Amino acid sequence: MKYSPENEQGIIQRIRKGDNKAYQLVFYRYYEPLCHYALNFTPDKDQVKDIVQEVFLKLWNKKESLYLSGSLKAYLYRMTYNQFVTTFRKEKRYQEELDLFKMEALQPLLQENEETWQLKLNRVKEALDSLPERCREIFILNKRDGLKHKEIAEKLGISPKTVENQIGKASKALKKKLSDKTFYLLCLIRKSFGKGQYYLKKYPATDV
């Protein structure tokens, strides 16, 4: 069966019933056009792929309620736009929170003497050392090297979901061992603080 506007309603009905082949027809028909459409909102090709993949994931997960008054094409394009807005809002909110914390934390941290600074860094190292090996490796690749979840997944041959879970597990464990400010110092250290950057370079991923 080939996809065409004439048999679109039949394909939608098959998707509602869980027909994977019908779902694949829609995927192959619209994946690239939706990626091109999403590039109008962001030049980040990795982000575009994530957005469109999330659209198709939602399409499948909500297939039982797929009753459309208009065309499937219009529905998918609208979903892509909405997914971009959702992603943008999350990233903007995170960046605003991060920038606010940097403003609050940077000055007092830089005013600390070398002994106090080193003591905090030692606490960070001890907390990192307490993590399981793979969990620690993934966390460092993300926080020290700035790799995205997908990049880490490709590097280690695991799924992006596993990367996300391991980073969440590491963050939860580290928060129990470190004060809030020391934990956020660890998260910001790569981009914001020269001394911290030196410290993390002394703690290579190959050691974990």
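Is there a residue in the stretch 184-205 that is assigned by TED's automatic domain parsing to the domain that holds R123 and modelled with pLDDT of 85 or more?
The answer is no, given that none of the residues of the stretch 184-205 is assigned by TED's automatic domain parsing to the domain that holds R123 and modelled with pLDDT of 85 or more.
Quick one: in the stretch 119-128, which of the residues that are among the basic types (K, R) and touching a residue at least 60 places away in the same chain (Cβ under 8 Å) is surrounded by the fewest Cβ atoms within 10 Å (Cβ to Cβ)?
Checked the stretch 119-128; the qualifying residue surrounded by the fewest Cβ atoms within 10 Å (Cβ to Cβ) is K125.
Taking helices (runs of 4 or more DSSP H) that do not extend beyond the stretch 1-117, which have at least 1 residues that are among the acidic types (D, E) and either at pLDDT 85 or above or touching a helix residue (DSSP H, G or I) at 6+ places or on another chain (Cβ under 8 Å) (or both)?
Per the criteria, 8-16, 20-38, 45-61.
Scan the stretch 21-50 residue by residue and report those that are hydroxyl-bearing (S, T, Y), under 24 Å from the mean Cα position of the chain (by Cα) and more than 16 Å from N82 (Cβ to Cβ).
The one that is hydroxyl-bearing (S, T, Y), under 24 Å from the mean Cα position of the chain (by Cα) and more than 16 Å from N82 (Cβ to Cβ): Y31.
Pick from the stretch 129-139 the residues that are surrounded by fewer than 22 Cβ atoms within 10 Å (Cβ to Cβ), in a helix (DSSP H, G or I) and not basic (K, R): which of them is modelled with the lowest pLDDT?
The qualifying residue modelled with the lowest pLDDT is D129.
Could you list, in sequence order, all residues of the stretch 145-168 that are part of a helix (DSSP H, G or I) and within 19 Å of Q47 (Cβ to Cβ)?
H149, K150, E151, I152, A153, E154, K155, P160, K161, V163, E164, I167 - these are the residues of the stretch 145-168 that are part of a helix (DSSP H, G or I) and within 19 Å of Q47 (Cβ to Cβ).
The values are calculated or read from the model by the stated rules, or taken from the named source; none is laboratory data. Quantities reported herein were computed from a predicted structural model and do not represent experimental measurements. Using ideal geometry, Cβ is built from the backbone for each residue, glycine included, and neighbour counts are taken over all protein chains shown.
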